[in-house]
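The values are calculated or read from the model by the stated rules, or taken from the named source; none is laboratory data. Remember, predicted model here, so these are calculated numbers, not experimental data. Neighbour counts run over all protein chains shown; Cβ positions are idealised from the backbone, glycine included. These accessible areas exclude ligands, DNA and RNA; they are computed on the full protein's heavy atoms, side chains included. Shrake-Rupley method; radii C 1.70, N 1.55, O 1.52, S 1.80 Å.
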Amino acid sequence: MSVATDILHTNVQTGKETIKMSGQKVCVHYGEKQALFDVDLDIVANQVISLIGPSGCGKSTFLRCLNRMNDTIDICNVSGEITLDGQDIYDKAIDVVELRARVGMVFQKPNPFPKSIYENVAYGPRIHGMTRSKDELDELVTSSLRRAGLWQEVKDRLDQPGTSLSGGQQQRLCIARAIATKPEVLLMDEPCSALDPIATAIIEELIDELRENFTIVIVTHSMQQAARVSQKTAFFHLGKLIEEGPTEQIFTNPHHKKTQDYITGRIG
Amino acid sequence: MQIWLTLLAVIVAVGGLYYAGRSRAFAVTNGDATILHSNPAFHGGMVVISGMLPAVFVLLGWTIFSRYFADASVSALLGEEFNALSELEQGAFLRSAFGLSQSQQIGDVSSLQNKAIEGYSAFFASTTLILQLVLAALIVGGGYLAWRQIRTDLRARQFVERAVSFALIAASGVAILTTLGIVLSLIFESINFFQKVPFFEFLFGTHWSPQSAFEGVGSDTAHRNSEVFGAIPIFAGTLLITTIAILVAAPVGLMSAIYLSDYATPNVRAIAKPMLEILAGIPTVVYGFFAALTVAPFLRNSGESIGLSVSSESALAAGLVMGIMIIPFVSSLSDDVINSVPQSLRDGSAGLGATKSETIRRVILPAALPGIVSALMLAISRAIGETMIVVMAAGLSANLTANPLEAVTTVTVQIVTLLVGDQEFDSAKTLAAFALGLVLFCVTLMLNIVALRVIQKYREQYD
Amino acid sequence: MANASNEHIVSSYEDELTALTRAISEMGGMVEVAITNATQALIRVDHDLAKQTAKADKAVDDMQRYIDEKAVSMIARRQPMAGDLRHIVSAIHVANDLERIGDIAKNLARRVKHIDSQRVSKQLYNGIRHMSDLALAQIKRSLDSFTLRDANIALDVCRRDDEVDALYISLFREFLTYMMEDPRNITDCTHLLFCAKNLERAGDHATNIAEAAYYLKTGENLYYDIESGKVQLN
């Protein structure tokens, strides 16, 4: 009895957990419209945190704030403070290119570049000048593909276009591409929504393995997926962070009625 | 007046047939239109088609063949005097008589001619009424046959839709047949030309001066002609001017496309893009005198000031202006293509920490390559076919030179000069235009095929 | 939206959850009847009623199997979350406990034929009846706490379990006295002692049900909360 509760409650004690990224009073406006309201959320290193909530709740917006992808949208205005290792990422001194190399992103739809598999993975290292020789680059591409669990399937056809792969393979290629730049945080925006269940399971297994080396933030519409892959879960609704906590607690005993209603399928 | 009456008659006929079919369809249902297999409108349509189509065919057939019947009846009428003429003269005589019978003013004519004219008039006067009756009978009869068939389970919709699909086939057939006809006429006239001038000497000859090939027609002049119908200089001129044009248009067009699609704010884009497209709407003759009166003198003056001899009509001037003319083709099409590269690729690249220019260079342009290539190909085709600017700015003399500062001429310009003025239709000089046209057609066709292949090869690279 | 927040978007899911609760109530009713009848048979030495009660246990077993199957199929098909998940899981627990109470009733009924009623004093039977009444009240209240999702009733059930235990201890002493007085009573008294013990167990199952009800309502473990001082029993 007490053993079980100990297991259940270890994750709640944040003492041994290091905060990798943290949002303080994050507000986002798209022109006149406010999309996020005072979101406070800590992202713990080497954990998977899932952001759930109905469409348009602001979870993707928050995710895109974490590597400043919202910068590309002119009317988007972010206020509040988001830190990476204690440093404000919206600080003028921060180079957004360097930030995005540290905070990688994987998108909803697999989006391999119209290049070969090899070139897709080598893209990030090349633009950041991470390797000095061809051998070094080869090594980095190989290890990234290995870690993305794709190496066995593509090692004989690295020169074929990335688009020739299946959907699940393409998404793993995108993950390999993202981890090739050696990011510290990996943002995933509904990475499995375009994939079949088996490909999804493979990606989920991969996410669990990647947790050792990366901190992962995943936006998902599938609550089962959030329950399966993440240690922490945050529930957004209408631009507000309603509840955040250990995944077990959110999915068995959410404290907030809105969370309960959403995850049991009572509000859309 | 008559045309309006005819039109009215057709409208009345169509309307009547439609109404008859439709009301018959309602009538056979006893009030419940839902039990009809096809909509009542389809029944109306079917009656219209069954009534009008045979009549239209008969009318078409009559228009084509009535002359033969008329000729036969008139020549039978004329008798001995006419039969004494040779066959060619008979034909000419009948043609002129027919023409006179159509025009109301009959001047001074011989009695035989007068007889023929009257014969024609009588023939058409008698047949017109018959034709009208036949057409009316066909319309009514065909319509009646269809009308009688109307039952609740009649598949009128299938009938109408099949008729529509035949109409669609006929429409696309017109385009294809026209192309085919033009190509065939090019080929036949070219064959005529190559009987006078050997094929290889035309294609690989380096001297072009058709004006000096005036001495005569026929096999005895073939050797002399072959010396002056060497097409290499004018194709070289075309190539030179087109190359200059593309060298101007490709970078400028592409860069403005990139600016418009990825850097310009929506407001700038909304203004700049239509402005660029206005360039395409300027008449080429305006470009022509712009080239001849502004650009060419400017080039000559600036060339002379640094010690270069520039002829007053230069390939460079024509090429530059032609390049400016085709900028909108390159930029507008490339802009569309670059815009259609999915945003997800841009996001993916930005998400890896690439800057905007890196993204464009390494992701967007490769992805948009097939579209850009096809835009360039279209621009090249346009440049090759361009005549006016070259006539005005590059001159007419066929020099075989790679120096852009000299005057050159192009294929299209030569075709124009060959066909301008009074020429015997079957002289080598006129026929040469067809041969040039054929070669030009082959070149642009090949360009199009290459462009299509490039597009096909890279099309599925992103989606 | 305000109206919809209490109901599932998928109405068939809502129906299934309601059916599950109804099945639990029905099963609870069957078990209460079984305990009442078994006690009656014991006290009145009614062999027919005893046989009937023992036979009726099969229906309770079937009901448990039905609830199990329903719950498993809902877990498989609906992937329940949060409150729904707790609802289904605690329904499995409650059905299990009810089945065990049903077994206890059967056990009581079976003992009827072994007891020679002439020799046992009426006072002892009164003790058993009192015990049975108490256990029944506990079962009823625990089922109420489950269907009403009332954590306070559940706490109350746990609190009163001590009364059942205390009654059992006193009965135990009484039986012991009788047995010592007259060794011929030993067989009957032992049987009755087992009956009392069984009824005490039924009370324990009632607290289990209350515990499940508490988990359903709060998502917390009742005993953990008591240990950590979050709730007070007394």
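Details
- Region C:31-171 - percent of accessible surface contributed by carbon and sulfur, probe 1.4 Å: 49 percent
- Cα Rg, Dmax, region B:356-401, angstrom units: 17.3, 49
- Heavy-atom accessible area per residue - region C:43-137, 1.4 Å, Å²: 50 Å²
- nm² value of the averaged projected area, convex hull over the Cα atoms of region B:36-85: 4.5 nm²
- When A and C come together, around 1600 square angstrom of accessible surface is lost from both chains combined, probe 1.4 Å.
- Under Stokes-Einstein, with the Kirkwood radius over Cα pairs as Rh, the value for region B:315-454 at 10 °C and 1.306 mPa s is 89 µm²/s.
- Among C:214-226, B:379-391, B:109-121, the peptide with the highest mean count of other Cβ atoms within 10 Å heads the list, and the full ranking is B:379-391, C:214-226, B:109-121.
- Degrees, to the nearest 10: B:2-28 long Cα axis against longest axis of chain B: 70 degrees
- Cross-link pairs beyond the 29 Å C-alpha cut-off, checked among A:92/A:134; A:33/C:217; A:155/A:232; A:33/A:257; A:109/A:155; A:33/B:356: A:92/A:134; A:33/C:217; A:155/A:232
- With the charge dipole of the protein assembly as shown set up from +1 on Lys and Arg Cβ and -1 on Asp and Glu Cβ about the Cα centre, the Cα lying farthest toward the positive end among the listed residues B:270, C:98, B:93 is that of C:98.
- Only helices enter this figure: runs of n ≥ 4 DSSP H residues, each worth -39500 (n - 2.57), summed and divided by the residues of chain B, yield -25500 deg cm²/dmol at 222 nm to the nearest 500.
- For region C:143-231, the spherically averaged projection of the C-alpha convex hull amounts to 6.2 nm².
- Buried surface between chains A and B: roughly 1800 Å² of accessible area, summed over both sides, computed with a 1.4 Å probe on protein heavy atoms only.
- q = 0.09, 0.10 Å⁻¹, the protein assembly as shown: log10 I(q)/I(0) [Debye, one scatterer per Cα]: -1.13, -1.20
- The Cα atoms of region B:293-352 cover 54, 23, 14 Å along the three principal axes, with the biggest extent listed first.
- Across region A:206-219, computed HN-Hα scalar couplings (Karplus, 6.51 cos²θ - 1.76 cosθ + 1.60, θ = phi - 60°) run 4, 4, 4, 6, 5, 4, 4, 10, 10, 9, 10, 10, 10, 9 Hz from first to last residue, x flagging Gly and Pro.
- Mean projected area (nm²) of the alpha-carbon convex hull when region C:1-94 is viewed from all directions: 7.1 nm²
- The relative contact order of chain B comes to 16 percent, based on Cα pairs under 8 Å that sit 6 or more residues apart.
- Simple label model, 7 Å out from Cα along Cβ direction - residue B:442 to residue B:188, nm: 2.0 nm
- Longest segment of chain A lacking trypsin sites (Lys or Arg not before Pro) that sit in a DSSP loop with at most 12 other Cβ atoms within 10 Å: A:156-268
- On the beta carbon distance between residue A:143 and residue A:55, with R0 = 35 Å, the FRET formula returns roughly 0.40.
- J(HN,Hα) series, region B:309-322, from Karplus relation 6.51 cos²θ - 1.76 cosθ + 1.60, nearest Hz, glycine and proline x: 8, 10, 6, 5, 10, 10, 4, 4, 4, 4, x, 4, 5, 5
- Built amide H within the under 5 Å cut-off of residue A:243, gap 5+: A:235
- Calculated log₁₀ intensity ratio I(q)/I(0) where the Debye formula runs over C-alpha points of chain B, q = 0.05, 0.08, 0.13 Å⁻¹: -0.37, -0.85, -1.12
- Carbon and sulfur %, accessible surface of region B:2-152 computed with the full protein complex present, 1.4 Å: 67 percent
- Translational diffusion coefficient (Stokes-Einstein; Kirkwood radius from C-alpha pairs) of region B:262-397 at 37 °C, 0.692 mPa s, in µm²/s: 192 µm²/s
- Kirkwood Rh in Å, taken over all unlike Cα pairs in region B:2-152: 18.4 Å
- Whether region B:46-117 is rounded, prolate or oblate, judged on the alpha carbon gyration tensor where a/c under 1.5 counts as rounded: prolate
- Once C-alpha pairs closer than 8 Å and six or more residues apart are averaged by separation and normalised to the residue number of region B:2-152, the relative contact order reads 38 percent.
- Per-q log10 I(q)/I(0), region B:226-459, q = 0.07, 0.12, 0.15 Å⁻¹ (Debye; single scatterer per alpha-carbon; no solvent): -0.28, -0.75, -1.02
- Our Cα-only numbers for chain A put the radius of gyration and Dmax at 18.8, 57 Å.
- Panel note: contact residues of region A:194-238 (accessible area lowered by at least 50 Å² against the chain on its own; 1.4 Å probe) correspond to A:224.
- The alpha carbons of region A:95-152 occupy a box of 31, 30, 21 Å along the principal axes, longest dimension given first.
- Placed amide H near residue A:20: partners under 5 Å, 5+ positions off or other chain: A:43, A:44, A:45
- Distant-in-sequence amide H partners of residue A:51 (H built 1.01 Å from N, under 5 Å): A:218, A:219, A:220, A:234
- Simple label model, 7 Å out from Cα along Cβ direction - residue A:85 to residue C:152, nm: 5.5 nm
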